[in-house]
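The values are calculated or read from the model by the stated rules, or taken from the named source; none is laboratory data. All of these numbers come straight from a predicted model, not from anything done at the bench. With ideal geometry, Cβ positions are generated from the backbone for all residues, glycine too; neighbour counts draw on all protein chains shown.
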Amino acid sequence: MSAFNSLAEMKPLPIWGGILARVCQGREMTFAVAELDAGAVAARHQHVNEQVGLVLQGTCDFEVGGERRQLKVGDTYLIPANTPHEAIAGPQGCVLIDVFAPIRDDWARHEPQEKRAPKWPAP
């Protein structure tokens with residue numbers, strides 16, 4: 001197995017309705033580029049993983065531990081472990097980088113979809 005890959009070669013995982021993630025996972029962290037369709041909702045949830053992220057494209061309304069913000073390109077977020085949070089993609093959708101520690105081993109239940117061109121970076 002190579003240490004290198006391309007987003008275009010990764011099969012996206014359907015994480016939530018309207019939300020796909022291309023995942024690069026190590027032994028102790030998960031790195032994902034998530035694509036959210038317009039208005040897609042990651043309903044309020046929490047997990048044992050600490051999560052940090054960056055908006056690459058579009059906008060997203062985030063709520064983390066009761067604090068709500070509309071994030072745009074270049075904005076970051078930090079979600080401590082076991083903190084309730086939700087996200088709703090803006091009208092054009094969005095693309096996010098998400099990093100989790102420890103790994104998102106629960107994502108193994110998702111069946112990868114066929115390869116398709118990623119929304120980011122733009123062709």
Item to complete: Please name all residue pairs, on different chains or six or more residues apart, with Cβ atoms under 7 Å, provided the first residue is in the stretch 5-31 and is over 20 Å from I88 (Cα atoms) and the second residue is hydroxyl-bearing (S, T, Y) and surrounded by 15 or more Cβ atoms within 10 Å (Cβ to Cβ).
Response: V23/T30
Worksheet item: Just wondering, is there one or more residues in the stretch 48-57 that are farther than 14 Å from P118 by Cβ, over 13 Å from the mean Cα position of the chain (by Cα), exposed (fewer than 14 other Cβ atoms within 10 Å of the Cβ) and free of Cβ contacts under 8 Å to residues at least 60 places away in the same chain?
Response: yes
Discussion item. Can you tell me which condition G58 does not meet? The list is (1) outside any strand (DSSP E or B); (2) at positive phi, and all the others hold.
Written reply: (1)
Worksheet item: Of the residues in the stretch 35-47, how many are within 22 Å of K119 (Cβ to Cβ) and out of contact with any Gly (no Cβ under 8 Å at 6 or more places or on another chain)?
Response: 2
Worksheet item: Could you list, in sequence order, the residues of the stretch 103-115 that are loosely packed, with under 15 Cβ neighbours inside 10 Å and either hydrophobic (A, V, I, L, M, F, W, C) or in a loop (DSSP other than H, G, I, E, B) (or both)?
Response: A108, E111, P112, Q113, E114, K115
Worksheet item: Only one of (1) in contact with a Ser or Thr (Cβ under 6 Å, 6 or more places away or on another chain); (2) surrounded by 15 or more Cβ atoms within 10 Å (Cβ to Cβ) is not met by K72, so which one is it?
Response: (2)
Practice prompt. Considering only residues that are in contact with a Leu (Cβ under 8 Å, 6 or more places away or on another chain) and of a type outside the set (D, E, K, R), look in the stretch 1-31 and name the one that is surrounded by the fewest Cβ atoms within 10 Å (Cβ to Cβ).
Written response: P14
Discussion item. Residues to consider are R22, R44; find the one that is more than 23 Å from S2 (Cβ to Cβ), touching a strand residue (DSSP E or B) at 6+ places or on another chain (Cβ under 9 Å), of a type outside the set (A, V, I, L, M) and modelled with pLDDT of 95 or more.
Written reply: R44
Worksheet item: What are the residues in the stretch 21-48 that are more than 20 Å from M10 (Cβ to Cβ) and of a type in the set (S, T, N, Q), if any?
Response: Q46
Discussion item. So A38 ticks every box in (1) among the small types (G, A, S); (2) more than 10 Å from the chain's Cα centre (by Cα); (3) closer than 17 Å to W120 by Cα; (4) assigned to a strand (DSSP E or B) but one. Which box is left unticked?
Written reply: (4)
